[in-house]
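Since the structure comes first, as structure tokens, the remarks are kept for the end.
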Amino acid sequence: MVIWQEKETMDGWSNKVMKPIVYIVAPSAEFLESTAIAAHESHFMPLAYETFEQFAEYYDELSAGCILLAAQRFDSVAKLQVSRIFSRHSSAQIILVLSNWKLAEVVLAVQQGVCEIVSDRDRHDTIAMAIGQAMQRDHVCRSQLGFDLPRTIRNQLENQEAEILCRLINGRTTKEIVAELDISARTIHYRKKAIYAKIGVQDRNEAIEVCRRHRKSDSSQFGWYASLPTK
């Protein structure tokens with residue numbers, strides 16, 4: 001079950017400003033609460049889960065944010081969890097919080113793609129800083145990859161349709177989308193027809209214009225991200 005989240009998310013995600021999400025996965029209720037408070041104080045939206053399976057059920061890889069994964073050590077279980085996250089979102093920003101660690105495990109975690117490693121004994125502000133840095137990287141990655149659909153558009157689409165539209169409006173060719181998403185050109189053809197029908201356009205150029213228009217009026221996560229400095 002979700003044991004900590006802001007009131008507005010409990011009301012059906014109907015909040016006016018959708019902030020980037022900090023997904024927190026840890027077995028300790030005390031750690032979950034303290035980390036959720038750190039995320040909240042940094043003006044992010046914390047969603048906390050006691051188990052990885054609970055997190056996996058609710059995780060939305062198209063939503064802006066980062067993942068804070070707590071573990072005793074970077075053992076085979078933690079490695080598998082990190083791999084499962086990257087299989088869904090290859091540019092996910094994962095912060096690993098370890099109770100005990102060895103240098104070789106830290107090196108392996110970095111090689112696997114973990115962006116930040118902190119100790120569960122670190123101070124409140126250290127974890128908050130790690131979250132902030134992960135969010136900046138997420139902003140840069142999503143801007144580069146095109147995961148910047150206005151939420152009013154995103155909510156009309158299935159996940160795969162959103163991934164395709166993101167790439168279409170950022171100039172990807174069908175061949176490039178096939179390679180990136182590992183789907184057939186035929187699937188993209190049918191998905192494009194469904195996407196255009198749902199958002200009320202005829203072609204890619206109209207889709208770009210509709211997204212641009214909605215982006216100006218949509219109080220989305222990426223509008224919030226605009227206040228972050230980028231490097």
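The values are calculated or read from the model by the stated rules, or taken from the named source; none is laboratory data. Here the structure is a predicted model, which means the values were calculated and not measured. Note: ideal-geometry Cβ built from the backbone for every residue, glycine included; neighbour counts use all protein chains shown.
At a glance:
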read-out	value
Any hit, segment 203-213, residues being in a loop (DSSP other than H, G, I, E, B), over 22 Å from His89 (Cα atoms) and modelled with pLDDT of 80 or more	yes
Residue list for segment 131-158, filter: in a loop (DSSP other than H, G, I, E, B), modelled with pLDDT under 85 and over 12 Å from the mean Cα position of the chain (by Cα)	Gly146, Leu149, Pro150, Asn155
Among (1) surrounded by fewer than 19 Cβ atoms within 10 Å (Cβ to Cβ); (2) in contact with a Cys (Cβ under 9 Å, 6 or more places away or on another chain) - the single one Leu108 does not satisfy	(2)
Complete set of residues in segment 49-63 that are in contact (Cβ under 8 Å) with a residue 24 or more places away in the chain and more than 14 Å from the chain's Cα centre (by Cα)	Tyr49, Glu50, Thr51, Phe52, Gln54
Residue in segment 116-126 that is at positive phi and not aromatic (Phe, Trp, Tyr) present	no
Candidates Arg167, Arg154 - the one that is under 22 Å from Cys211 (Cα atoms), touching an Asp or Glu at 6+ places or on another chain (Cβ under 9 Å) and charged (D, E, K, R)	Arg167
Residue that is nearest to Leu181 (Cα to Cα) [pool: residues in segment 87-105 that are hydrophobic (A, V, I, L, M, F, W, C) and buried (at least 16 other Cβ atoms within 10 Å of the Cβ)]	Ala92
Enumerated helices (runs of 4 or more DSSP H) restricted to segment 1-102, each holding at least 2 residues that are assigned by TED's automatic domain parsing to the domain that holds Ile117 and at pLDDT 90 or above	52-58, 76-88
